[in-house]
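The block underneath contains the structure these notes are about, expressed in structure tokens.
The values are calculated or read from the model by the stated rules, or taken from the named source; none is laboratory data. Predicted, not measured: the structure shown is a model, and the values here were computed from it. With ideal geometry, Cβ positions are generated from the backbone for all residues, glycine too; neighbour counts draw on all protein chains shown. To get the accessible areas, we keep the full protein, side chains included, count just its heavy atoms, and leave off ligands, DNA and RNA. Shrake-Rupley method; radii C 1.70, N 1.55, O 1.52, S 1.80 Å.
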Protein chains: 2
Amino acid sequence: MNTDEEPGVVLSREEAWELLQGSRFGRLAVSVANQPDVYPLNYLATQEKIWIRTNPGSKLAELTVNSLVAFEADGLSDGTAWSVVVKGVARILESQTEIDAADLLPVEPWIKTRMWTHVEVTPASVSGRRFVLGAEPERC
Amino acid sequence: MNTDEEPGVVLSREEAWELLQGSRFGRLAVSVANQPDVYPLNYLATQEKIWIRTNPGSKLAELTVNSLVAFEADGLSDGTAWSVVVKGVARILESQTEIDAADLLPVEPWIKTRMWTHVEVTPASVSGRRFVLGAEPERC
């Protein structure tokens, strides 16, 4: 077996979650009427959820129509790249108790703002891979 | 007007495309039955299209069901962050003439592989923003 043909190393859910916890910047993919859209944002992975702060806007409007989302974060370290994808359900926090609790989390919106809305993503699946970077082999 | 409340600077299509051309790593968001998914990948932005090489797999299967995609790339420079999102239609190249032409483009798959499939994304929209990074102001 030629290891060049291995499509990266599949990470365990625990390894993938640990990488998510160590990063702060990701992208949220949403879809309305089968048209995907994707947003860069800061996040916090804790309490087995992804926490996001966002401005009111089209992102939130799309979550109201379709709460199914995919979230991705990636990074580089020691000559390897990693990527983790979480598929799950997003929910806008509405009760004051939840909002007060979420206000205590150290999540920064990417855009400076005085207003924000809290969104939590509850993972249905967490998958991660790690890849060794380098030149590709000759094509067969 | 307080500039802290500005949600970044909207880039022209030309500025956004120039940033895309200068980068090589992005993420492709797809959606099947309203379930978004997102994949990290290398790309090349040229000839007014996004060019991708990928392994046969779920990504391609999803494109066959729904060719509407969103593609995102982002980066940091000089204390500012940028993000560009392309919404468009993906197409798997099938004719040998197209494949031969695409083989000449310097696109590297993220995963080392000897096999690949060429995908082109024709943009319907290109939108970009640039943000000054820094601490957020106090919430009102």
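Some observations on this one:
- The one condition from (1) within 15 Å of the chain's Cα centre (by Cα); (2) in contact (Cβ under 8 Å) with a residue 40 or more places away in the chain; (3) open to solvent by 50 Å² or more (accessible area, probe 1.4 Å); (4) farther than 21 Å from residue A:81 by Cα that residue B:19 does not meet is (3).
- Check on residue B:32, more than 14 Å from residue B:86 (Cβ to Cβ) and either open to solvent by 50 Å² or more (accessible area, probe 1.4 Å) or polar (S, T, N, Q) (or both): no
- Filtering the range B:46-105 to residues that are within 12 Å of chain A (Cβ to nearest Cβ), in a strand (DSSP E or B), more than 16 Å from residue B:15 (Cα to Cα) and open to solvent by 50 Å² or more (accessible area, probe 1.4 Å) leaves B:68, B:87, B:89.
- Restricting the range A:50-80 to residues that are more than 16 Å from the chain's Cα centre (by Cα) and among the small types (Gly, Ala, Ser), the residue that is nearest to residue A:128 (Cα to Cα): A:77
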